[in-house]
Structure formats: structure tokens, C-alpha cells
Amino acid sequence: STMRKRKTTDSPHSSTDLSEGKEKLRLKQEVGLISGVSLIAGTMIGSGIFMSPEWVLYHMGSPASSLLIWAACGLLAMFGALSYAELGTIIKESGGEYIYILRIFGSFPAFLFAYTSVILVRPAGLAAVCLSFAEYAVAPFYPGCSSPQVVIKCTAAACILLLTIINCLNVRLATSIMNIFTAAKLLALLVIVVGGVVLLAKGQTQSFQNAFENTTAGIGAVGVAFYQGLWSYDGWNNLNYVTEELKKPEVTLPRAVMIAIPLVTCLYLLVNVSYLAAMTPSEVLSSGAVAVTWGDKVLGSWAWLISLSVALSTFGSSNGTFFSGGRVCYIAAREGHMPDILSMAHVRCLTPSPALLFTSAMSLIMIISGSFTSIVNFFSFIAWFFYGMTISGLLYLKIKKPELPRSYKVPIIIPIIVLMAAVYLVLAPIIDQPQIEILYIVLFIFSGVILYFPLVRFKRHPRFLQKVTLHLQLFLEVAPTTRDAN
């Protein structure tokens with residue numbers, strides 16, 4: 001199929017004038033280079049680096065091979081982000097994978113992505129990060145015992161509600177919070193890095209002697225280790241979700257990627273080295289939360305700083321996830337794949353508040369039900385399936401549409417490597433350890449077919465929906481928006 005032409009006239013669900021002769025309502029371009037770097041780095045650095053190292057080491061079997069996995073994950077995230085940066089300079093619209101799949105492959109696969117992402121993937125990811133924030137935030141109040149689940153869930157719900165208020169009020173406020181929390185978590189990681197350097201200088205290098213001993217070579221084990229590592233790098237594509245809100249996207253997008261991802265990769269490697277300097281591999285494996293164990297060993301009475309840092313880190317990460325996740329819902333609605341109300345923006349705050357409220361509601365349902373854990377475990381499976389589809393779209397454009405204007409080009413070998421990695425990451429768990437949950441996920445994705453044909457293709461909308469939309473519009477003080485005319 002050929003690349004879909006963008007509409008030159010505004011459709012009823014995508015844009016409209018607030019009144020004749022007045023300026024059209026649109027989201028503000030508030031995200032500069034520093035905020036862009038913060039959005040990528042701030043979302044990537046969540047709970048993963050404080051929790052995943054023991055699992056990467058467990059599956060790989062040796063310190064050196066686990067460090068290689070962390071480096072390889074960083075390289076893969078970098079290659080993926082550079083490929084997305086070219087897509088972002090060709091298709092200058094917000095929405096990430098959704099908008100790229102829509103413009104390249106058409107309406108049906110884009111709807112399946114939006115349906116899966118808006119209903120399941122984004123809310124589940126946000127709920128998981130907020131629960132992990134709550135776990136660390138309430139832990140100091142229950143010393144020596146596990147925190148009650150009801151307290152953790154209430155704290156996670158409060159976190160989501162606070163993020164909803166912040167993101168609905170002001171884009172600049174949300175990005176400022178992102179910048180502050182990114183700085184705080186970078187500081188926490190630097191404390192761990194400096195602690196590691198001091199330990200290495202004192203000669204604590206026993207973990208690095210015969211560092212490749214007991215390395216696991218199985219394809220399945222390497223694939224699972226990659227999943228654990230890549231969970232910590234998730235968020236490398238977040239800036240593509242807010243392209244329309246970037247200042248000079250053709251410059252800001254590639255630059256932010258080139259600054260943020262190498263920075264995070266270097267920090268992750270140094271933090272892992274610090275963990276291994278403070279603890280033997282067996283101590284890392286037996287640790288429930290490797291960063292907290294590191295704090296107890298190295299910081300002594302100041303160990304509480306690590307728990308605080310993890311709480312701050314996960315809050316900042318959930319803010320970034322919420323900021324970008326709400327945009328997918330908003331863009332999908334603007335293109336007619338979700339109810340019209342979700343494509344509207346607040347008339348004064350100029351934020352996509354209905355889409356943010358919907359994402360918040362879905363996340364709260366997942367926190368209350370608590371039945372999303374098995375789905376979150378297969379988050380990477382869904383993510384890399386759609387990453388692979390998006391990257392194959394870029395390869396199609398590079399080969400079939402080389403004349404399209406683009407201010408940045410990535411060498412073709414890079415998206416080819418990312419596509420091969422995506423195919424491996426999707427197929428490895430199915431071939432190595434087929435599980436029934438993967439079948440459930442595939443069935444959920446294709447259950448979107450039932451909704452697509454009556455509601456989107458043939459536009460058979462119930463009559464009462466228009467009245468509901470109008471009442472919600474008045475209640476929420478929102479109006480339809482126009483896309484940026486880039």
C-alpha cells in the first residue's frame with residue numbers, strides 16, 4: 001500500500017474552528033531539547049535499573065555476560081530511537097507507532113495498535129510503575145514486614161490521580177516536574193556510580209575475576225535476559241508520541257535521542273559495575289531489591305536515601321509514561337479510531353484532558369482488579385511486535401519512497417538490525433517456552449476486529465453517543481483541535 005496522504009481539510013473529528021474568524025485550538029509547542037532529553041531519560045530510568053540487574057544476571061549466569069546484555073540493550077534502544085527519529089522527520093505528527101502504522105499501512109492495523117495500546121498496554125505499564133512507586137513509598141512505614149496490599153494500591157491510585165491533575169492543568173508544569181525528577185534520579189544513580197568507583201579503588205574486584213565463568217548460552221535464556229534489560233530501557237521512543245508539541249521537531253528529535261540514550265546506557269553499565277563491586281554475584285541473586293541491598297552495604301545509616309531515590313525515580317517515570325500514553329489515545333480519537341470526545345483539548349489549559357482522564361481511569365481499573373500482572377509480564381512481547389511493524393514501515397519508505405523530504409536519515413543497516421532483533425524477541429519466547437498467556441494476548445489484539453468494522457469502517461455509531469459527547473464537552477470545557485500544519 002502507498003503512504004496515506006494527510007488530509008488537507010479538517011475532518012469533523014480531527015479539527016474545527018472554535019468560531020469563525022478565530023484562531024484554531026491546538027496543543028502548544030512547549031517541549032524543547034532539555035525537556036525532550038528529560039522525557040526520554042526520565043521515562044527510561046524507572047524501577048528497572050533498581051530491580052532488573054539480578055534477573056539479567058540470573059538468566060545469563062555470569063557478571064561479564066550480564067554487562068554485555070545491558071550494553072546490547074542500550075545499543076538496540078539507540079538503533080530503534082534513531083530509526084524512529086527519521087520517521088518523526090518524515091511524518092511530523094504526534095502518536096508514535098500509531099500514526100506511522102496509520103500513514104504507511106492504513107487504518108485497520110493502526111486501529112488494532114491503538115485498541116491494544118489504549119485499552120491494555122499503556123494503562124497496564126502505568127499501573128505497574130505506580131504500584132512499584134507505592135511499594136517503595138510506603139515501605140519505610142512498615143519496617144521489618146511487608147506492606148499491606150490495600151495501602152500499596154491506595155497509594156498507587158493516589159499517584160495516578162495526582163499525575164492526572166498535573167498533566168491536565170499544564171504541559172509546562174508536567175515537563176517541569178519531569179525535568180526535576182529526572183535530575184533527582186540521575187543524582188541517585190551518580191551516588192551509586194561514585195560508591196562503586198570508591199569500592200573498586202579499594203580493590204573490591206572479586207566479582208570481576210573469571211567474569212565469564214558459568215555463562216549461559218541458550219537462545220531462550222538470552223531472550224529472557226534481553227526482555228529484563230529492555231524493560232529498563234523502555235521509553236526510548238516516547239518523544240515520537242509528542243512530535244507536534246516539540247519545538248523544531250526535525251532538529252530536537254534526533255538531538256534528544258543522541259543525548260539521552262547514550263547517557264542512560266553509560267549510567268546503567270556503571271551502576272551494574274557498582275552493584276557487582278559491592279556484592280558477589282550470589283549476593284546479587286539473593287537480593288530482593290538489589291539497590292536497597294547496595295545501600296545497606298555501602299551507605300550504612302544513609303541507606304534510606306536509596307528507597308527515597310527509587311520512589312522519586314518511579315514517580316518521574318510514571319509521569320513520562322502518562323504524558324506520552326495520553327497522547328496515543330488523543331491522536332487515535334482525532335483520526336476517528338476512538339470516540340470523538342477523546343480528541344478534544346481543554347479550551348484554557350490546551351491539554352488533551354479527556355484522553356488523559358480515560359488513560360487514568362483504565363489504569364485505576366487495573367490497579368483495583370490486580371489481574372494485570374501476567375499481561376504486564378508479556379508487555380515486551382506486544383511492544384516488540386508493533387516496533388517490528390513500525391520499523392518495517394520505515395524500510396518500506398526508504399526503499400519505495402526515497403524522494404520524501406526528510407531532514408535526518410539513518411543508515412539502512414540500522415533499521416534492518418532492529419527489525420531482526422524485533423523478530424527474535426517476538427519469536428524466542430514462543431519457540432523456547434510457549435505459554436497460554438501469549439495466545440490470550442494475540443486473541444485480545446484481534447478481538448479489535450469486532451469493533452473496527454461496524455464502528456470505524458462503516459461508521460455505525462449509536463445515536464445517543466452524539467448527545468453524550470456534547471454533554472461531556474460542556475462538562476469538561478473541551479473543544480475539537482486542529483493538527484499542527486507542518
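The values are calculated or read from the model by the stated rules, or taken from the named source; none is laboratory data. Keep in mind that what you see is a predicted model, and the values were worked out from it rather than measured. When we count neighbours, we look across all protein chains shown, and the Cβ atoms used for this are built from the backbone with ideal geometry, even at glycine. Ligands, DNA and RNA are excluded from the accessible area calculation, which covers all protein heavy atoms including side chains. Shrake-Rupley method; radii C 1.70, N 1.55, O 1.52, S 1.80 Å.
For this structure, a couple of remarks:
- Taking (1) aromatic (Phe, Trp, Tyr); (2) open to solvent by 10 Å² or more (accessible area, probe 1.4 Å); (3) at pLDDT 85 or above in turn, TRP55 satisfies each apart from (3).
- Residues of the range 305-329 classified as open to solvent by 60 Å² or more (accessible area, probe 1.4 Å) and at pLDDT below 80, total: 0
- Long-range neighbours under 6 Å by Cβ, at least six apart or interchain, first residue within 19 Å of GLY80 (Cα to Cα) and open to solvent by less than 10 Å² (accessible area, probe 1.4 Å) within the range 93-118, second acidic (Asp, Glu) and not in a helix (DSSP H, G or I): ILE99/GLU93
- Of the helices (runs of 4 or more DSSP H) lying entirely inside the range 134-245, those carrying at least 2 residues that are open to solvent by 40 Å² or more (accessible area, probe 1.4 Å), out of contact with any helix residue (DSSP H, G or I) (no Cβ under 7 Å at 6 or more places or on another chain) and more than 20 Å from GLY326 (Cα to Cα) are 149-169, 171-201.
- Condition check for LEU75: of a type outside the set (Gly, Ala, Ser), under 19 Å from the mean Cα position of the chain (by Cα), surrounded by fewer than 21 Cβ atoms within 10 Å (Cβ to Cβ) and within 28 Å of PHE358 (Cβ to Cβ): no
- Yes/no for TRP294 being surrounded by fewer than 24 Cβ atoms within 10 Å (Cβ to Cβ), touching a residue at least 60 places away in the same chain (Cβ under 8 Å), under 30 Å from LEU39 (Cβ atoms) and not aliphatic (A, V, I, L, M): no
- Residue within the range 95-106 that is outside any helix (DSSP H, G or I) and modelled with pLDDT of 90 or more present: yes
- Screening LEU342 on (1) within 23 Å of the chain's Cα centre (by Cα); (2) within 30 Å of PHE358 (Cα to Cα); (3) surrounded by fewer than 24 Cβ atoms within 10 Å (Cβ to Cβ); (4) aliphatic (A, V, I, L, M) shows it passes everything except condition (3).
- Meets criteria (over 25 Å from the mean Cα position of the chain (by Cα) and at pLDDT 85 or above) for VAL449: yes
- Any hit, the range 275-291, residues being small (Gly, Ala, Ser), open to solvent by 40 Å² or more (accessible area, probe 1.4 Å), farther than 15 Å from VAL37 by Cα and in a loop (DSSP other than H, G, I, E, B): yes
- Looking only at residues in the range 452-469 that are hydrophobic (A, V, I, L, M, F, W, C) and over 32 Å from the mean Cα position of the chain (by Cα), the one that is nearest to THR351 (Cα to Cα) is PHE464.
- Among the residues here, LYS401 does not qualify as open to solvent by 70 Å² or more (accessible area, probe 1.4 Å), touching a residue at least 24 places away in the same chain (Cβ under 8 Å), out of contact with any Cys (no Cβ under 6 Å at 6 or more places or on another chain) and under 23 Å from LEU87 (Cβ atoms).
- Residue among ILE412, ILE431 that alone is under 26 Å from SER117 (Cα atoms) and surrounded by fewer than 16 Cβ atoms within 10 Å (Cβ to Cβ): ILE431
- Enumeration of residues in the range 434-477 that are in a loop (DSSP other than H, G, I, E, B) and either open to solvent by less than 70 Å² (accessible area, probe 1.4 Å) or more than 28 Å from LEU102 (Cα to Cα) (or both): PRO434, GLN435, SER447, PRO462, GLU477
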